[in-house]
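The values are calculated or read from the model by the stated rules, or taken from the named source; none is laboratory data. What you see is a predicted model; the values in this text were computed from it and never measured. Positions of Cβ are backbone-derived with ideal geometry, glycine not excepted, and every protein chain shown enters the neighbour counts. In case anyone asks, the SASA skips ligands and DNA or RNA and just uses the protein heavy atoms, side chains included. Shrake-Rupley method; radii C 1.70, N 1.55, O 1.52, S 1.80 Å.
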Protein chains: 2
Amino acid sequence: MHTAIIGTEELMGGMPVALGDEDSHHMRSVLRVSEGEPVRLVDGRGNMRAAVAVSISKGGVVCEFRGGVETLPRPRPRITLFQCVAKPVRMDWLVEKAQELGVERIVPVVSERVVARMRRGEKQDRWGRIVASALRQCGGAWLTDVDPVENWAGAIEEMRCFPGPVLIGALSDVARPIGEVLESIGVSGRGESIGWLIGPEGDFAPGELREALALQNAVAVSLGGNVLRVETAAIFAIAGTLAYMG
Amino acid sequence: MHTAIIGTEELMGGMPVALGDEDSHHMRSVLRVSEGEPVRLVDGRGNMRAAVAVSISKGGVVCEFRGGVETLPRPRPRITLFQCVAKPVRMDWLVEKAQELGVERIVPVVSERVVARMRRGEKQDRWGRIVASALRQCGGAWLTDVDPVENWAGAIEEMRCFPGPVLIGALSDVARPIGEVLESIGVSGRGESIGWLIGPEGDFAPGELREALALQNAVAVSLGGNVLRVETAAIFAIAGTLAYMG
């Protein structure tokens, strides 16, 4: 079913809705939706409503609702990815996959060895467009939240306050195999909120890794014998978590 | 450590080795290796040997061995990915990730709804270069084998003869959750060779799915509630398998 994203207030209302530019373009030029075709409107916060495209023109697409609001549960487990910013193509790809796999939130982190030097807020729009596009393509009703870029100190604070374990993809000697860690978390029932911290292309600086591992909720996790590229490590971590707990 | 790929016979010999064009280029222009620097030569079949770059020029890079041959065990579990050919960028990416994650073999399959119509053998060189490049980047000593493209009938025969379960990423009603399936395979000890069959962008044709599921070693597996892109489904399947059994 063709999906478009609108605001929560609009979704809750009864009036015809004019889709935004990106959704109009997607419906009209990519999906080639015809007037009268059913579509699915979501707000990215779990709410969804059946509708019909009643007017399609260069000016945009207008939809009318054809039913009530249905609310889908938030994807479980609730995964937050603390991701040191990777090179652009790889980071974009990773953000897309995170949305497809139902990650709740991405916190982009600029650690010491991140190549890109970004201002807070930069790139956030771009990543936001990528998650929206992935939601349109793959359905679902929840958008992955992309936080503004955090510096290392800010990320440490976010992780300290995180309401669940933060698993750290680490090449450290103390790292335990991912399967063992996920099984023990699953068993202890803390599996509701899971954080993952994944390093950048050049890995964490030694001091950073020590600081992260010193957090009370941190667990060093080995992602296996191969050296993985950043985006592979992140998807491996998320997919493993879902396979165990999803 | 900088890695280059050479033939098994050369690796077993005692003479200085002239690297091929792609490895020479990678050592010289990408890694900027200097004369006298240690490098790691592998044959992609598990054998590895320490060496030193003794001559670096536009004509190529020559290495001399500095130790004996070490043989690394094959990655476990032994995963074969029967992958219906995805659109080029996504297929390329998927092949790269399969190498990084230690997949043993990829069998590219042209099923009914594969968009690309390819001749047998086409693309194999390209995918071979991608796995070699991923091995150079990420280390390891085993190259993922990329088979020639199979048609559907050929793929069914390959799966029928496969020495282990073939898990089929399916949206079918009979599909069991990936975690449950992997746990039961792990327990029964059949986990040595695992096949995965992943459909193309437009999914399997209904008759194809019935035919595949009728194989005695086939198991229909649900990859979770989200609709995943082809390459995401494949990596999710592989990563889940590794998390459980790696």
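Annotations
- Taking only the Cα atoms of the protein assembly as shown, the radius of gyration and Dmax are 23.9, 80 Å.
- Taking the C-alpha atoms only, the angle from helix B:124-138 to the longest principal axis of chain B is near 60 degrees.
- Extending 7 Å from the Cα toward the beta-carbon at both B:Val69 and A:Lys58 defines two label points whose distance is 6.9 nm.
- Per-selection Kirkwood Rh - region B:1-93 (Cα, Å, 1 d.p.): 14.6 Å
- Residue with peak Gaussian network fluctuation, chain A [Cα springs, cutoff 10 Å], from A:Glu96, A:Glu231, A:Glu35: A:Glu35
- Taking θ as phi - 60° and the Karplus parameters 6.51, -1.76 and 1.60, the scalar couplings of region A:238-244 work out to 5, 5, x, 4, 5, 4, 7 Hz in sequence order, x denoting glycine and proline.
- Potential lengthening of the chain between A:Asp21 and A:Glu157 amounts to 45.2 nm, from the contour at 0.36 nm per residue minus the alpha-carbon distance.
- Within the accessible area of chain A (1.4 Å probe), percent carbon and sulfur: 51 percent
- When the P(r) is computed for region A:40-120, the part past 23 Å accounts for 48% of the Cα-Cα pairs.
- Rounded to 10°, Cα long-axis angle of helix A:88-100 versus longest principal axis of chain A: 70 degrees
- 5 angstrom amide H check on B:Ser55, placed H, neighbours 5+ away: B:Val62
- Most mobile listed residue (B:Gly59, B:Gly44, B:Gly202) in chain B, GNM with C-alpha springs under 10 Å: B:Gly59
- Accessible area per residue, Å², region B:3-71 with all protein chains present, probe 1.4 Å: 50 Å²
- Protein-only accessible surface order, largest first, of B:Thr8, A:Thr144 at 1.4 Å: B:Thr8, A:Thr144
- Couplings for region B:154-159, taken from phi via the Karplus curve 6.51 cos²θ - 1.76 cosθ + 1.60 with θ = phi - 60°, read x, 5, 4, 5, 4, 6 Hz in order; Gly and Pro are left as x.
- Compared with the dominant Cα axis of chain A, that is its longest principal axis, helix A:178-188 is turned about 80°.
- Percent of Cα-Cα distances greater than 12 Å, calculated over region B:1-43: 60 percent
- Beyond 23 Å in Cα-Cα separation lie the following of the pairs A:Lys97/B:Lys87; A:Lys97/B:Lys97; A:Lys87/B:Lys97; A:Lys58/A:Lys123: A:Lys58/A:Lys123.
- For chain A, dividing the convex hull volume of the Cα atoms by the residue count gives 129 Å³ per residue.
- Percent of Cα-Cα distances greater than 18 Å, calculated over region A:181-246: 42 percent
- The mean number of Cβ atoms from other chains found within 10 Å of a Cβ in peptide A:86-99 is 1, as a whole number.
- Theoretical gain in end-to-end length, A:Glu9 to A:Arg176 [0.36 nm per residue, Cα-Cα removed]: 55.5 nm
- GNM remark for chain B: springs join alpha carbons under 10 Å apart, and the peak mean-square fluctuation among B:Val30, B:Val131, B:Val61 falls on B:Val30.
- Principal axes of region A:63-208: Cα extent on each, largest first, Å: 57, 40, 24
- Chains A and B together bury some 2200 Å² of accessible area, summed over both sides, with a 1.4 Å probe.
- Accessible surface for A:Asp21 stands near 140 Å², nearest 10, in the context of the full protein assembly shown (1.4 Å probe).
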